[in-house]
Amino acid sequence: MSQPRIVIVGGGAGGIELATRLGRSLGRRGKADITLVDRNPMHIWKPLLHEVAVGAIDTDIDQVSYLSHSHANGYRFQLGSLDSLDREGRRIGLAPIHDNDGELILPERHVDYDYLVLALGSISNDFGTPGVRDNCFMLDSPQQAEKFRQEMLNTFLRKISNASGKEDEELSVAIVGAGATGVELSAELFSAMDMLSSYNGHDFPRSRLRVHIIEAAPRILPALGERISENVYRQLEALGVKIHTNTMVSSADENGFVTAEGERVDADLMVWAAGVKGPEILSKLGLSTRPNNQINVEQSLVSVDDPRIFAIGDCAACPQPGDKLVPPRAQSAHQMASQLVKNLKNAMAGKELAPYVYKDMGSLVSLSHFQTFGSLMNGRSLRGLFVEGWVAKLSYTSLYRMHQLAIYGWPRTVAKVIVDRLNRWLRPKLKLH
Ligand SMILES: Cc1cc2nc3c(=O)[nH]c(=O)nc-3n(C[C@H](O)[C@H](O)[C@H](O)COP(=O)(O)OP(=O)(O)OC[C@H]3O[C@@H](n4cnc5c(N)ncnc54)[C@H](O)[C@@H]3O)c2cc1C
C-alpha cells in the first residue's frame, strides 16, 4: 500500500514544528510522505521580526534553510506559494516562481495530498484605511522587516549628516497599534538608536529620536492585564515614547497619519501594527472562512468542510468552550502543531480526533534590554502571576527556545544557545550592512 501523503502549507511557528515532528516519527520510518510548502526558502520565527527590523538580530544567523532542515528531519520541501485548491482531485496549485529580472524559474505546479494542513499565518489588517498599504511598513515577513531596517539606517545617515541643513533634526517614527508588536518595536528603536549613536561618536542623542504610538483603545496592550499595561506605559514614557491612546487613524500619506479628529502625526518612518487577518488566498479556496479570512475549523483543527483538510496557527479560527476563539499567538501555533501530530495519526488510523484545548501559558512583553514585563499562568488562577526583570526575560526567551527545541532537538538547541552567546561577544550588536 502506498504511503499517505501529508502536505503542510506554511513553515512558520506552527508549520515547521509539525513537519519536523511528522517527518521524524512517520517520514523517516516510511509510514507517511510528508511535504512542507513555503513561499520562502528560509524560516525565521516570526516573533523575532521586530528585532530583525532594527538590526538587533542578523537573519543570516537566526534563519533556517527549509531544504537542509527537511533533509535532516525526514520530510520534503517544496518552494512555492499556495495559489489554488482542488478538493475533489486532492491537490493544491503553486504559483510560478520568477527571479528578480522576471525570468521564469519554476512554472505553476501541483502537489497531491491525502491530508492537507494549512498553516499560512496572518498578515497585518489595515481595515481598509486609505494610504496605509502604500505608505506604511508592516512586519509580516522577513523581507518587510529587512526593508524597514534598510530605510531606518538610510534615514539615520541622512539625519546625522544633517542633509536637510536643520540643526538637531529629529528622526521620527510613528507606529499604529499598541499591541505587543508596536510596543516592543518602539523600545527596540531606542536601543538601536543608542547603539548607532555610540558608533557615530554620540552625536545623535536619544532625545533626537521621536517615537509615537497611536492606539484606538483607551490603554496600550489592550489584550493584556492592566498591571502589565501600566508598567509598560511608564517604561515607554521614561524612554521618551509619545503615546496617543483613544486615537483612531483615518488615513495615511507619505508624511504621516491623520487621526479621526483631523490631527496629524507626521513621521519619517511609519509602521502599521494594528491587528491581523488571514492571507487573502484563504478566502479563495472554497473553504468556509470568517470575515478576517481565518479558516473555520472544529475544535479538533479539522476544517468544517472537509475531513482531509486541517488548519493551525493564526490562519485557523478554532473554537473553544465559552464561545471564544484561540488567539493568534506563537504559543497557540506551537500547541496546535503538537495536537495535530496526534490527530493526523488518529485520522490515518480511522480513529476519532481529539479536541484541542488552548493553554494560556502567560503573556510577556520585552522592551529590548530596558525591561521585560508579563504574567505567567499557574494553571489555576485566570489572572496570572505578574513578573518583571530577569524572571520575565527568561520566560520570554523560553518561548523561542521551545520552538528551537521542537525543530532542532536538545543537542543542537544547546549548541545554538552557546553560539548565540559567542556571537554577542564576537559580532557588532547591530546589523549595519
Ligand atoms: C513582531 C512580532 C512579534 C510577536 N511576538 C509574539 C510573542 O511575543 N508571543 C507570541 O505568542 N506571539 C507573538 N507574535 C505572533 C506570532 O508570531 C504568530 O502568532 C505566529 O508566528 C503564528 O504562527 P503560524 O505558524 O500560524 O504562522 P507564521 O509563523 O506567520 O508562518 C506562516 C508561514 O506561512 C508562509 N506562507 C504564507 N503565505 C503562504 C502561501 N500563500 N504559500 C506558501 N507559504 C505561505 C509564510 O512564509 C510563513 O513561513 C508576534 C508577531 C510579530 C509580527
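Quick notes
- For segment 175-280: Kirkwood Rh in Å [reciprocal of mean 1/r, alpha carbons]: 14.6
- Cα coordinate range in segment 5-44, projected on the principal axes (Å, largest first): 27, 14, 13
- Counting DSSP beta bridges with both ends in the chain, the antiparallel % (nearest 5): 55
- Listed residues Met402, Met361, Met152, Met195 arranged by accessible area, highest first, probe 1.4 Å: Met361, Met402, Met195, Met152
- Peptide ranges 174-182, 216-224, 337-345, 310-318 listed from the most packed, as the mean C-beta count within 10 angstrom indicates: 310-318, 174-182, 337-345, 216-224
- Pairs from Lys159/Lys429; Lys147/Lys324; Lys166/Lys393; Lys147/Lys359 whose Cα-Cα separation, in the structure shown, is over 32 Å: Lys147/Lys324; Lys166/Lys393; Lys147/Lys359
- For segment 218-321, DSSP calls about 85 percent of its internal beta bridges antiparallel.
- Contact order relative to length of the chain, as percent, for alpha carbon pairs under 8 angstrom and 6 or more apart: 17
- The chain: calculated mean residue ellipticity at 222 nm from DSSP helix runs of at least 4, using -39500 (n - 2.57): -10000 deg cm²/dmol
- Potential lengthening of the chain between His433 and Met248 amounts to 63.0 nm, from the contour at 0.36 nm per residue minus the alpha-carbon distance.
- The value for segment 71-223 of Rg(Cα) / (2.2 N^0.38 Å) is 1.45.
- At q = 0.13, 0.16, 0.17, 0.22 Å⁻¹, base-10 log of I(q)/I(0) for segment 1-126 (Debye sum, equal scatterers on each alpha carbon): -0.58, -0.85, -0.95, -1.32
- Per residue, the accessible area of the chain comes to 47 Å², computed with a 1.4 Å probe over protein heavy atoms only.
- Accessible carbon and sulfur surface of segment 210-283 relative to its total accessible area, %, 1.4 Å: 45
- Calculated FRET efficiency for the pair Val64/Ile97, C-beta based, R₀ 25 Å, to 0.05: 0.80
- For segment 85-198, the carbon plus sulfur part of the accessible surface works out to 46%, probe radius 1.4 Å.
- Dipole of the chain [Lys/Arg +1, Asp/Glu -1 at C-beta], most positive-end residue of Ala347, His69, Pro218: Ala347
- Accessible area in the full protein assembly, largest first, 1.4 Å probe, for Arg424, Arg90: Arg424, Arg90
- Largest mean-square fluctuation among Gly201, Gly389, Gly131, in a Gaussian network model of the chain whose springs join Cα atoms under 10 Å apart, belongs to Gly201.
- Per-residue packing, averaged as other Cβ atoms within 10 Å, sorts the ranges 59-72, 363-376 into the order 363-376, 59-72, beginning with the highest.
- When the Cα positions of Pro307, Leu236, Ala187 are compared along the charge dipole of segment 157-315, Pro307 comes out farthest toward the positive end, with charges on each C-beta of Lys, Arg, Asp and Glu.
- Ordering of 114-125, 324-335 by packing is 114-125, 324-335, highest average first (other Cβ atoms within 10 Å, averaged per residue).
- Cα gyration tensor shape for segment 270-369, rounded if a/c is under 1.5, else prolate or oblate: oblate
- Note on segment 111-182: Rg/Rh from C-alpha atoms, Kirkwood Rh, equals 1.16.
- Working from label points 7 Å from Cα in the Cα-to-Cβ sense, the Asn154 to His369 distance is 2.9 nm.
- Pair Arg210, Val357: separation of 7 Å Cα→Cβ label points (nm): 5.2
- With Cα atoms as the point set, the radius of gyration and Dmax of segment 316-423 evaluate to 16.8, 52 Å.
- Rg to Rh, two decimals, where the chain supplies the alpha carbon set and Rh follows Kirkwood: 0.97
- Dipole moment magnitude, nearest 20 debye, the chain about Cα centre, only Lys, Arg, Asp, Glu C-beta charged: 2000
- Contour excess over end-to-end distance, with Cα ends at Ala260 and Glu170 and 0.36 nm allotted per residue: 29.9 nm
- Evaluated over the Cα positions of segment 61-127, the convex hull gives a direction-averaged projected area, one quarter of its surface, of 7.6 nm².
The values are calculated or read from the model by the stated rules, or taken from the named source; none is laboratory data. Just so it is clear, the structure is predicted and the values come from calculations on it, not from any experiment. Note that each Cβ is placed from the backbone with ideal geometry, even for glycine, and that neighbours are counted across all protein chains shown. Only protein heavy atoms, including side chains, enter the accessible area calculation; ligands, DNA and RNA are left aside. Shrake-Rupley method; radii C 1.70, N 1.55, O 1.52, S 1.80 Å.
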